[in-house]
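Each value in this text was obtained by applying a stated rule to the coordinates, not by laboratory testing. Note that the coordinates shown come from a computational prediction; the quantities given were computed from them, not determined experimentally. Every residue, glycine as well, gets a Cβ built from its backbone with ideal geometry; the counts of neighbours run over all protein chains shown.
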Amino acid sequence: MAATPKAVSHLLPLQPFPPYPLSSSSRGRTGATHRRGESYIACSKGLRGSPDDYHATLRALNSKGRTPRKSLGQHYMLNNDINEQLVNAAGVKEEDVVLEIGPGTGSLTNVLIRAGATVLAIEKDPHMASIVTERFAETNRLKVLQEDFVKCHIQSHMSSFLASIESDLKPRYAKVVANIPFNISTDVVKQILPLGDIFSEVVLLLQEETAVRLVVSALRTSEYRPINIFVNFYSVPEYKFSVPRTNFFPQPNVDAAVVTFRLKRAADYPPVSSIRSFFSMVNSAFNGKRKMLRKSLQHLCTAVEIEKALEEVGLPATSRPGELTLDDFVKLHNLMAKD
């Protein structure tokens with residue numbers, strides 16, 4: 001069952017700029033230098049020794065003559081404690097392989113590398129891709145691809161990346177840890193969650209409203225949609241904690257939240273005869289969200305057949321899509337599926 005959303009204002013100090021320091025419990029690793037209260041990593045010229053905070057973010061952006069682009073949903077994390085919590089939520093450890101989406105100036109990348117992970121970062125903005133590539137030029141734990149994530153073939157990229165890693169402790173599955181642009185949240189979820197053969201854990205920092213809609217939306221509410229069926233079909237989701245908007249630059253108009261998805265393997269998916277036809281049925285059902293299923297699914301079966309299937313599932317003939325659980329939809333689909 002999904003966790004109830006809860007703020008962590010007692011952990012994340014609510015204050016405006018200037019910067020937030022790294023928690024004193026953090027420890028440096030190979031390739032990093034550490035001074036109490038600040039996070040440093042050996043980087044290329046221009047960013048060497050810079051802390052991950054508000055001023056460092058501005059310096060990194062100015063180094064390329066950049067300003068955050070609203071069209072790309074660019075809001076940079078300033079609180080390194082949150083980056084630490086993202087990495088901890090994924091259980092990232094030495095020799096893990098991690099996919100990061102939209103690394104920005106590399107503050108989360110820094111924490112991942114210090115945790116011992118090898119990172120594949122996908123960045124759409126060529127200027128930001130250049131910043132991260134230059135910053136971590138002295139480590140062999142990072143590869144940056146300048147591509148649009150929602151258009152790239154991530155399964156192919158990850159398969160090649162995993163195969164290229166030379167290690168006796170090479171993991172079978174990778175993880176996803178990312179502070180993603182809010183405007184591509186749903187696209188990322190749809191692309192990543194079906195890849196349980198590659199990824200084991202997915203930890204995303206999303207817009208608060210999106211996080212709640214994906215994980216917490218309940219039956220018979222206006223927020224209950226096909227994406228909820230999708231998320232629970234492919235994963236076990238959990239809402240972790242909220243992140244106040246004051247932790248970002250530029251400050252967005254909404255708060256954020258961290259959500260984890262434990263991906264299922266194909267053998268653990270609900271037993272449907274065809275995944276494609278199953279989701280086609282679910283989407284058709286919700287296209288007429290206020291209609292009874294015996295009307296919205298008439299292109300698949302007659303009203304009488306639908307009512308009979310609903311009865312066998314243990315549901316009333318007047319059922320609407322917002323009243324069915326994932327398990328209900330699975331049973332209904334398998335009763336209605338045509339050979």
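Key figures
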item: The stretch 226-235 - phi-based ³J(HN,Hα) in whole Hz, Karplus 6.51/-1.76/1.60, Gly and Pro as x; result: x, 4, 5, 5, 4, 4, 6, 5, 9, 7
item: Pair SER159, ARG290: separation of 7 Å Cα→Cβ label points (nm); result: 4.6 nm
item: Label-point separation in nm, LYS190 to ASP327, each point 7 Å along Cα→Cβ; result: 2.8 nm
item: Amide H within-cut-off set for LEU142, under 5 Å, with H built and near neighbours excluded; result: VAL119
item: Charge sum, other residues only, whose C-beta stays under 13 Å from MET292's C-beta, Lys/Arg counted +1 and Asp/Glu -1; result: +4
item: Relative contact order %, the stretch 165-287, counting alpha carbon pairs below 8 Å whose residues are six or more apart; result: 27 percent
item: The stretch 106-228: projected area of the alpha-carbon convex hull, averaged over directions, in nm²; result: 8.5 nm²
item: Modelled label reach - ARG276, point 7 Å along Cα→Cβ, the stretch 309-339 residues with backbone N closer than 12 Å; result: none
